[in-house]
1. What dipole magnitude, in Debye to the nearest 20, does region 72-190 give about its Cα centre under +1 on Lys/Arg Cβ and -1 on Asp/Glu Cβ?
2. From the C-alpha gyration tensor of the chain, pull out the three semi-axes of the equivalent ellipsoid (sqrt of 5λ each), sorted largest to smallest, in whole Å.
3. Given H placed on each backbone N at 1.01 Å, which residues far from I91 in sequence or on other chains put an amide H within less than 5 Å of it?
4. In whole Å, how far is the Cα centre of region 134-151 from that of region 97-122?
5. Taking a 21 Å limit on the Cα-Cα distance, which of the listed pairs K20/K86; K59/K84; K109/K161; K86/K109; K19/K86; K140/K172 fall beyond it?
6. Take each of the peptides 100-106, 177-183, average the number of other beta-carbon atoms within 10 Å over its residues, and list them starting from the highest.
7. Ranked highest first by average number of other Cβ atoms within 10 Å, how do 39-48, 113-122 line up?
8. Placing +1 on the Cβ of each Lys and Arg and -1 on the Cβ of each Asp and Glu in region 29-154, which of I85, Q35, N116 has its Cα farthest towards the positive end of the resulting dipole?
Amino acid sequence: MSAVDYIIVGLGNPGDKYKKTRHNAGFIILDLIAQKMNVNFSFSRFDALSATFSLDGKKIMLLKPQTYMNLSGKSVLSAMSFYKIKPENIILIFDDICLPVGKIRIRKKGSHGGQNGVKSIITLCGTDNFPRIKIGIGNKPNDMWRLDDWVISSFSEDELKTVEGDFESVFKALELMISGKIDEAMSNYN
């Protein structure tokens, strides 16, 4: 048995400049998990901020890669290799422009769907067998926005409250996923 049973990876970009941006939905959710579990992040050997806690008898690591979104795979591969964890035990949490703000979608595995952080993880780890929770950030509202400008734009206060308000659903889904009930999580929360 490894020292860590599951790694929950939140995707985002480091630094205050990106703190409340749409692309940092994964970081926002991990911060809420850390707060709920009363743990603090510290810099780890995986070019990431990490924190650990126990949940239902399993040791869980939260991982926030500090490599910037497009290089997230470096951090994930490093942690995955160190703990010898199967991809099925690494849960990705990231933003999705195809979902309205605050909606979530759970998948067992799949392509990157144009999300560059997930693309980096799949490319470097050589598999797409990562369970994932996608956090809706809404699609760009008009032709005046470039997609890359939209995803690094800040959530409005109401949007941020919506994302944070759906946190309990995300956490309950994670509990099911960690207990091997991903189909139930998908049924209940998609």
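FYI, it's all coordinate maths here, none of it is from the lab. Here the structure is a predicted model, which is why all the values come from computation and not from measurement. Don't worry about glycine lacking a Cβ; one is built from the backbone with ideal geometry, like all the others, and counts go over all protein chains shown.
1. Working: 16 positive and 16 negative charges, 129 e Å.
In debye, rounded to 20, region 72-190 gives about 620.
2. Calculated on Cα positions only, the semi-axes equal 24, 18, 16 Å.
3. I7, I8, V9
4. 14 Å
5. Details: K20/K86 31 Å; K59/K84 14 Å; K109/K161 28 Å; K86/K109 13 Å; K19/K86 30 Å; K140/K172 29 Å.
The pairs that break the limit, which is 21 Å between Cα atoms, are K20/K86; K109/K161; K19/K86; K140/K172.
6. On the way: 100-106: 18.6, 177-183: 16.1.
In descending order of packing, they fall as 100-106, 177-183.
7. Taking the mean over residues of other Cβ atoms within 10 Å, the ranking is 113-122, 39-48.
8. The one lying farthest along the dipole's positive direction is I85.
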